[in-house]
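Working notes, structure below.
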């Protein structure tokens, strides 16, 4: 696929894409998944550590991609490890994006079906969501970036307003003692929290689309830091209100935090719908960008136009989304996707970077 | 670029046509005029209402054990509007319906056989559990359905009633809605130390899971009137109600936790035996755990600033510091009595820590806490507790002097 000049994005846009990719299902489930592992009120420290690890992994990916700033991961991987291994790895990455995409829409459908539209069939919710997503990505990366730019400020404002209103039921004692049982429990949770930050992998594909690929590192830093702040606020507020014993019992703890208080005197008394609006927008963002990434991968792998793949993937996405039979299966898919991501984007880029450095170094020598 | 335009055009049209279809309305819409809004819920030991008995006689029963009677309080739009239009004699603005059975959800659904209006729990304000029931069933069993479903909000309050819980959902005052009355009294915590901080479903669930004993507000009822009186002690292991703290004991607990927002302390002047009333402005308490090898002890420091709000000692002049000091002293004595009284009750009678001593130990000495938390209530009942009360009278209102 030839990139038209209009298909370029600015550095802030790249950062916004990373932010919107990261914020997704995790916003509602992270307080529970992290507390389950940590078992002390220090889950928020785990979140910070997880974010730092993600930034490190992300910077490695950026360094790797910057060596081939005109190509996406799917294209340059062939240069590093050869056509066959490269093709295979590309396919794995495409599958990863597809599964993430389906996981997000299914999680979204489950929450909507349970809390908002009880009688609406899941397929009806998912399909409308997918069609709108398709409509967006047909335009390419630029419309995606611009839509994300609209979504983000709304997310930030609504989310902060709603979460800080829960201050009414916040109890600092629930967050104490800090590091009461040492650092070990905190480390246990780091894996889980790092997985909640999956998203920087989009940098592998984004750099050739950027106006100034050199600033990719900056975009990534901002792109991970803002979700990091969001996540820390979420975890602190949820644990502060529900206590660690209460958090682990709730399927969607953040939603229950908002459902646990009412504010009299304002126009609204209840704010869960606002939170859901934010969350659904974020799910939509994650869904579209992963959908686009998968379609882009297939297009570049087969060196054909991207549009047929976009349409072709639609039923595939739907089928994958409908595979999990119940909530537990769904969460298992989420864990699985996370584990795959850890190897695929935690270890692999480092390996590739080393290989490409060795190879690239030789090439440079011959040129000079 | 032109080519992609011609590609998207038919898609755009088909999409917008499809979206038109979705604009026609909500897939699963329910008209609000046709809903009956559940606002209160009471759980009691089974006792079928006369209507239920009559229905059963005619064969209106299904296979169930008659264990629990649930009473639902509704505001139906018809009832609500009829009271506003024609303020007829003693028109009730709510409807109470009872169902007996053994599953909470089945009982609700049974109601749809009795009324054309579907029940919604989105606006449920309060759940009252009868003492008899709370003593024989685990709280998490009774509240499981409430916590699981999506309609009832976790912010809905939970209370324990002394007598039958359904009686607390009755009133004789026209226009008054009993469920709102109960939820409203909880808001009065800034006026008295005898109301516990609100216990919503989510807080109850957290407490249950934490495995520590805790208190829940108790409510009495008589002749359509209610009164918040004391608290029910819920055991941390069985999650059943094991005892009651009376109003004064609850006051003591509030002083220990320091969570009170207002209220009064009445004491008697030593010389004249006349009452002196101290009104709380601020209250602060710190529980300091001390761990020495195997022994755990606590220091409780209670501090409060307030005003002299009522004084029957005619000879005294509040402009004199001397008198204020005496008043502080006697109020302190009274608070000490309240605290000592409830500590005795917690440690000796119920052997249950309901004032958050364990919580402080968890925060200050997490490692020790992990060792003792399994049989904490037992350890607590043996722990020595010292307490100190310091009250400061800041002002004495607009009357200062005395006849001299």
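Any read-out appearing in this document is the output of simple, stated calculations on the displayed coordinates, not a laboratory observation. Bear in mind the structure is a predicted one, so any value in this text is a computation, not a measurement. For neighbour counting, all protein chains shown are included, and Cβ atoms are generated from backbone atoms with ideal geometry for every residue, glycine included.
Brief remarks follow.
- Residue B:209 fulfils the conditions (1) more than 13 Å from the chain's Cα centre (by Cα); (2) crowded, with 19+ Cβ neighbours inside 10 Å; (3) outside any loop (DSSP other than H, G, I, E, B) except for a single criterion, (2).
- Listed by position, the helices (runs of 4 or more DSSP H) contained in segment A:8-91 that have at least 2 residues being within 30 Å of residue B:362 (Cβ to Cβ) and in contact with a helix residue (DSSP H, G or I) (Cβ under 6 Å, 6 or more places away or on another chain) are A:26-38, A:43-66.
- Hits in segment B:157-182 - residues which are within 22 Å of residue B:244 (Cβ to Cβ) and within 14 Å of another protein chain (Cβ to nearest Cβ): B:157, B:158
Matching residues to (1) surrounded by 15 or more Cβ atoms within 10 Å (Cβ to Cβ); (2) touching a residue at least 24 places away in the same chain (Cβ under 8 Å); (3) more than 13 Å from chain A (Cβ to nearest Cβ):
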site	(1), (2), (3)
B:107	yes, yes, yes
B:118	no, yes, no
B:125	yes, yes, no
B:131	yes, yes, yes
B:137	yes, yes, yes
B:143	yes, yes, no
B:147	yes, yes, no
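- Evaluating residue A:311 against the criteria (1) within 22 Å of the chain's Cα centre (by Cα); (2) within 21 Å of residue A:126 (Cβ to Cβ); (3) assigned to a helix (DSSP H, G or I) leaves one unmet condition, (1).
- Within segment B:84-200, helices (runs of 4 or more DSSP H) holding 2 or more residues that are under 26 Å from residue B:51 (Cβ atoms) and in contact with a helix residue (DSSP H, G or I) (Cβ under 7 Å, 6 or more places away or on another chain): B:104-111, B:139-148, B:178-186
- Residue in segment A:132-164 that is nearest to residue A:13 (Cα to Cα), counting only those that are free of Cβ contacts under 8 Å to residues at least 60 places away in the same chain and within 13 Å of chain B (Cβ to nearest Cβ): A:143
- Within segment B:357-377, if we keep just the residues that are at the interface with another protein chain (Cβ under 8 Å from one of its Cβ atoms) and surrounded by fewer than 22 Cβ atoms within 10 Å (Cβ to Cβ), the residue that is nearest to residue B:212 (Cα to Cα) turns out to be B:359.
- Summed over segment B:265-276, residues that are surrounded by fewer than 17 Cβ atoms within 10 Å (Cβ to Cβ) and touching a strand residue (DSSP E or B) at 6+ places or on another chain (Cβ under 8 Å) total 4.
Table: residues versus (1) within 12 Å of another protein chain (Cβ to nearest Cβ); (2) farther than 23 Å from residue A:288 by Cβ.
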{"site": "A:167", "(1), (2)": "no, yes"}
{"site": "A:172", "(1), (2)": "yes, yes"}
{"site": "A:180", "(1), (2)": "yes, yes"}
{"site": "A:191", "(1), (2)": "no, yes"}
{"site": "A:199", "(1), (2)": "no, no"}
{"site": "A:211", "(1), (2)": "no, no"}
{"site": "A:216", "(1), (2)": "no, no"}
{"site": "A:220", "(1), (2)": "no, no"}
{"site": "A:225", "(1), (2)": "no, no"}
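- Residue list for segment A:227-259, restricted to those being buried (at least 24 other Cβ atoms within 10 Å of the Cβ), more than 20 Å from residue A:108 (Cα to Cα) and without any contact (Cβ under 8 Å) to a residue 60 or more places away in the chain: A:246
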